[in-house]
Amino acid sequence: MFNLILTLALFIFSLSVALFLYRVVKGPSAPDRIIAMDTIGINLIAMMAILSILLKTYAFFEVILLFGILSFIGTIAFSKFIERGILVEYDRDR
């Protein structure tokens, strides 16, 4: 029964990733697209955790941590790009 619930949750997460991909493509504005991409990252982390439970392994924990860090950095970079229009500021005095 527990495996059935986890499999159902995995299916629901994959369905939500597909819906958020639609939001990334058709989003009315750039902030909506960024929020959708961040949510896709969170859902993928949850899917990896569920898969780790289903397979009874600890092998995915490092991948989950790495993916969470990269998702956070990506969200910050996109937000900075929307706010300022550039990612890296150069010192113009030199």
Given Cα positions, please report Rg to Rh for the chain, the hydrodynamic radius being the Kirkwood one. 1.13
Considering only LEU66, ILE45, SER29, whose Cα is most displaced toward the positive end of the charge dipole of the chain, charges sitting on Cβ of Lys, Arg (+1) and Asp, Glu (-1)? SER29
For the chain the mean separation of alpha carbon contacts under 8 Å (6+ apart) over residue count, i.e. relative contact order in percent, is 25
Answer in debye to the nearest 20: the dipole magnitude of the chain about its Cα centre, from +1 Lys/Arg and -1 Asp/Glu charges placed on Cβ, is 200
Per the rule of 0.36 nm per residue minus the C-alpha distance, extending LEU54 to SER79 adds in nm 5.5 nm
Looking at the chain, which longest stretch skips every one of the chymotrypsin sites (Phe, Trp or Tyr not before Pro) that is in a DSSP loop with at most 16 other Cβ atoms within 10 Å, leaving the sites themselves out? 1-57
Theoretical ellipticity at 222 nm over the chain - DSSP helices of four or more residues, -39500 (n - 2.57) apiece, nearest 500: -28500 deg cm²/dmol
Could you tell me the distance between the Cα centroids of the stretch 2-49 and the stretch 50-87, to the nearest Å? 13
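Read-outs: derived from the displayed coordinates by stated rules, not from any lab. Keep in mind that what you see is a predicted model, and the values were worked out from it rather than measured. With ideal geometry, Cβ positions are generated from the backbone for all residues, glycine too; neighbour counts draw on all protein chains shown.
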